[in-house]
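Comments concern the structure below.
Since every read-out is calculated from the coordinates, none of them should be taken as a lab result. This one's a predicted model, so the numbers in the text were calculated from it and none came from an experiment. Using ideal geometry, Cβ is built from the backbone for each residue, glycine included, and neighbour counts are taken over all protein chains shown.
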Amino acid sequence: MLFQVDFSHLEIDEGMKFKRPIHILLVEDNRADARLVEEALKDSKRPCELSVVDDGDRALAFLQARAPYGERRLPDLILLDLNLPARDGREVLREIKADPDLRRIPVVVLTTSDAERDIVEAYSHHANCYVSKPVDFDRFMELIQSICHFWFDIVCLP
């Protein structure tokens with residue numbers, strides 16, 4: 001499953017650092033969670049392109065421009081679930097951070113797990129941040145908007 005959502009019709013606030021639409025790759029097998037991320041981004045004033053893939057193999061194919069994803073722009077940010085079918089998020093994170101062409105892309109682990117071993121492993125493999133998904137709808141929406149605000153309005157990215 002890959003779908004893209006275009007938010008380029010939104011106005012760009014002059015205070016925002018990104019003058020082009022930001023591109024987020026969401027690696028998430030739960031359609032409901034993917035839809036919530038999409039909705040949270042729609043509520044943002046930030047123009048976004050959201051690409052969604054539903055397993056680790058597709059995520060790596062997308063990032064490495066392998067079929068069927070040859071025509072794609074690298075994302076500015078990756079939101080990565082850990083518990084995925086096929087190749088899990090832990091493996092995907094290791095491969096992203098081992099690849100010189102991909103390792104600079106910030107990876108936010110966004111998962112239901114708050115297990116200490118998952119947190120330690122994610123940071124050991126150079127996750128840029130680890131966030132447990134809140135179960136509350138409003139808090140989830142706020143979290144996604146906060147992540148975008150931090151990575152695209154505060155942090156300086158290459």
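Assorted remarks:
- Subset of the range 130-158 (residues that are out of contact with any helix residue (DSSP H, G or I) (no Cβ under 6 Å at 6 or more places or on another chain), over 24 Å from Arg103 (Cβ atoms), of a type in the set (A, V, I, L, M) and crowded, with 16+ Cβ neighbours inside 10 Å): Leu143
- Sole exception among (1) surrounded by fewer than 21 Cβ atoms within 10 Å (Cβ to Cβ); (2) without any contact (Cβ under 8 Å) to a residue 60 or more places away in the chain; (3) among the hydroxyl-bearing types (Ser, Thr, Tyr) for Ser44, by number: (2)
- Qualifying helices (runs of 4 or more DSSP H) (wholly inside the range 61-151; at least 2 residues being under 19 Å from Glu49 (Cβ atoms)): 137-149
- Being buried (at least 20 other Cβ atoms within 10 Å of the Cβ) and closer than 23 Å to Arg20 by Cα is a property that Val107 has.
- Restricting the first member to the range 64-76 and to residues that are hydroxyl-bearing (Ser, Thr, Tyr), and the second to residues that are assigned to a loop (DSSP other than H, G, I, E, B) and surrounded by 12 or more Cβ atoms within 10 Å (Cβ to Cβ), no beta-carbon pair is closer than 8 Å while six or more apart or on different chains.
- Taking the listed residues Ala122, Ala86, Ala127, Ala67, the one that is aliphatic (A, V, I, L, M), more than 26 Å from Arg46 (Cα to Cα), touching a helix residue (DSSP H, G or I) at 6+ places or on another chain (Cβ under 8 Å) and buried (at least 17 other Cβ atoms within 10 Å of the Cβ) is Ala122, with no other qualifying.
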